[in-house]
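Visitor: Below is one structure. I have some questions about it.
The values are calculated or read from the model by the stated rules, or taken from the named source; none is laboratory data. Since the structure is predicted, the reported quantities are computational estimates derived from the model, not experimental observations. No Cβ is skipped: glycine too gets one built from the backbone with ideal geometry, and neighbour counts run over all protein chains shown.
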Amino acid sequence: EKAGYKHFMQKEIHEQPRTISDTITGFSSSKNKELYNLLKKTERLYIIACGTSYHAGLVGKFWIEKYARIPVEVDYASEYRYRDRIINDRTVVLGISQSGETADTRFALLDAKKEGAKTVSLVNVVGSSLSRETDFVLYTYCGPEIGVAATKTFTAQLVSLLLFALEIGLEKGTLNFTDYDFIHHQLLHIPSRVEKILEKDGEIKELAHKYMNATDFLFLGRNINYPIALEGALKLKEISYIHAEGYPAGEMKHGPIALIDEKMPVVCVSPKDRFYEKIFSNIQEVKARKGQVISVATEGDERIKQVSDEVIYIPKTIDTLYPILTVIPLQMLSYHIATLLGKDVDQPRNLAKTVTVE
Ligand code: F6R
């Protein structure tokens, strides 16, 4: 069942080149004209989700605002349900849920629907409650995810959200065909780039060994990679039980920088995109306080070594696609730290794969 892997989580991490490519194919071949007609007229989009799916939503916001020019608000489903949200007939609520059964997400969507919003779900499980209860349904094409920690479904959610944003953009005319085509073409190269990162398993395991005894971790990122910092921290805490926090790198100086000393590993998601110089100076601030910097950087970036104790290199891609790559080494790092610590990564304590209670 585990196809030669020790754990489902490891198997699912390594399946990502295929699940990403299946999601590109699956999503592209199931366009719903009526849904895109609705989105052309949408004035406000709320994305609601929990946990890892919420982090996918945060990345999705960048893409939808950039390509589809619809204002997007992302909220935790458990919060959204009980706030005085503003809904009219031009409001769309998109719920993201791997299982399609998460109670918080389901009930928040049902409430919004009652108030007159159109609802859409993005799920991995065909026939799940969410898929039946919303007006429209979009899918990720991953096959079942067994490990409690979401991995392959997260990258597939990213792919679906990107394609969703591109499709709306094209329909609305806020994205031209040349740009659409260029991004789509680059996306098709992502599975082989993920493959290259997966080949670094031994290197990442060594790194995990070096840092496994830390009691706290900080994860930093900016812009579209900021949600990846949040996701890296969530993965680490849920399976290794090490305290970890994710922060937008620019926010660090407003508080969390006080935590940094020589015992604090700081994972910096710093690909060579248009925010590189910004995060580079944030990393210098960490280094000046003797934090131990582990950078996720773009191949060929030698300069990052000046401010890093460790560098995990990922292949180059276009700015917009980096989150799909940068999250991979963070999943691998958490996996190795947790297994080296002897934790049960597929069944972490206190957690269930599907949370059907509020
Ligand atoms: C984290 C994790 C959880 C889920 C969350 C939402 O690895 O798995 O945080 O992401 O419980 O689950 P779904 O996506 O099924 O609604």
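Visitor: Kindly list the number of the only condition in (1) in a loop (DSSP other than H, G, I, E, B); (2) under 17 Å from Ala165 (Cβ atoms) that fails for Lys2.
Guide: (2)
Visitor: Now, a different point. Looking at Leu122 and the list (1) aliphatic (A, V, I, L, M); (2) under 18 Å from Thr42 (Cα atoms); (3) more than 11 Å from the ligand (Cβ to nearest atom), which single condition is not satisfied?
Guide: The one condition Leu122 does not meet is (3).
Visitor: If you scan region 311-358, which residues turn out to be modelled with pLDDT of 95 or more, under 20 Å from Ala156 (Cα atoms) and of a type in the set (Lys, Arg)?
Guide: Lys316
Visitor: Scan region 218-237 for residues that are touching a Leu at 6+ places or on another chain (Cβ under 6 Å) and closer than 15 Å to Val286 by Cβ and jot them down.
Guide: Ala229
Visitor: Answer yes or no: is there a residue in region 220-229 that is among the β-branched types (Val, Ile, Thr) and either outside any helix (DSSP H, G or I) or within 19 Å of Val345 (Cβ to Cβ) (or both).
Guide: no
Visitor: Here's a follow-up. Quick check on Leu321: is it within 22 Å of the chain's Cα centre (by Cα), more than 16 Å from the ligand (Cβ to nearest atom), not in a strand (DSSP E or B) and not acidic (Asp, Glu)?
Guide: When the stated conditions are applied, Leu321 passes them.
Visitor: If a residue has to be within 21 Å of Gly246 (Cα to Cα) and among the small types (Gly, Ala, Ser) to count, how many in region 301-356 make the cut?
Guide: Residues that pass the stated criteria total 3.
Visitor: Within region 33-56, take every residue that is assigned to a loop (DSSP other than H, G, I, E, B) and surrounded by fewer than 14 Cβ atoms within 10 Å (Cβ to Cβ) and give me the one that is nearest to the ligand (Cβ to nearest atom).
Guide: Among them, the one singled out is Glu43.
Visitor: For Ile146, work out the one condition from (1) farther than 27 Å from Lys66 by Cα; (2) in contact with a helix residue (DSSP H, G or I) (Cβ under 6 Å, 6 or more places away or on another chain); (3) free of Cβ contacts under 8 Å to residues at least 12 places away in the same chain it doesn't fulfil.
Guide: It is condition (3) that Ile146 fails.
Visitor: If you don't mind, another one. Would you check which residues across region 79-105 are within 13 Å of the ligand (Cβ to nearest atom) and assigned to a loop (DSSP other than H, G, I, E, B) and list them?
Guide: Residues satisfying the conditions are Gln98, Ser99, Gly100, Glu101, Thr102.
Visitor: Go through region 263-300 residue by residue and tally those that are in contact with a strand residue (DSSP E or B) (Cβ under 7 Å, 6 or more places away or on another chain) and part of a loop (DSSP other than H, G, I, E, B).
Guide: 6
Visitor: Determine, yes or no, whether Tyr241 is touching a helix residue (DSSP H, G or I) at 6+ places or on another chain (Cβ under 6 Å) and closer than 25 Å to His336 by Cα.
Guide: The answer is no for Tyr241.
Visitor: If you go through region 21-50 one residue at a time, how many are closer than 22 Å to Glu73 by Cβ and in contact with a strand residue (DSSP E or B) (Cβ under 9 Å, 6 or more places away or on another chain)?
Guide: Within region 21-50, residues that are closer than 22 Å to Glu73 by Cβ and in contact with a strand residue (DSSP E or B) (Cβ under 9 Å, 6 or more places away or on another chain) number 12.
Visitor: Same structure, new question: Take Ala249 and tell me if it is of a type in the set (A, V, I, L, M, F, W, C), surrounded by fewer than 17 Cβ atoms within 10 Å (Cβ to Cβ), away from the ligand (no atom under 16 Å from the Cβ) and free of Cβ contacts under 8 Å to residues at least 40 places away in the same chain.
Guide: no
Visitor: To continue, here is another question. Six or more apart or on different chains, Cβ under 6 Å: which pairs go from a residue in region 25-43 that's hydrophobic (A, V, I, L, M, F, W, C) to one that's part of a helix (DSSP H, G or I) and at pLDDT 95 or above? Could you list them?
Guide: Pairs found: Phe27/Ser160; Phe27/Leu163; Leu39/Ile168.
Visitor: Restricting attention to region 81-113, report how many residues are within 16 Å of Gly51 (Cα to Cα) and free of Cβ contacts under 8 Å to residues at least 40 places away in the same chain.
Guide: Of the residues in region 81-113, 3 are within 16 Å of Gly51 (Cα to Cα) and free of Cβ contacts under 8 Å to residues at least 40 places away in the same chain.
Visitor: While we're here: What are the pairs, 6+ residues apart or on separate chains, where a residue within region 341-358 that is more than 16 Å from Thr102 (Cα to Cα) has its Cβ under 6 Å from a residue that is assigned to a loop (DSSP other than H, G, I, E, B) and more than 8 Å from the ligand (Cβ to nearest atom)?
Guide: Leu341/Met212; Val345/His7; Asp346/His7; Asp346/Gly147
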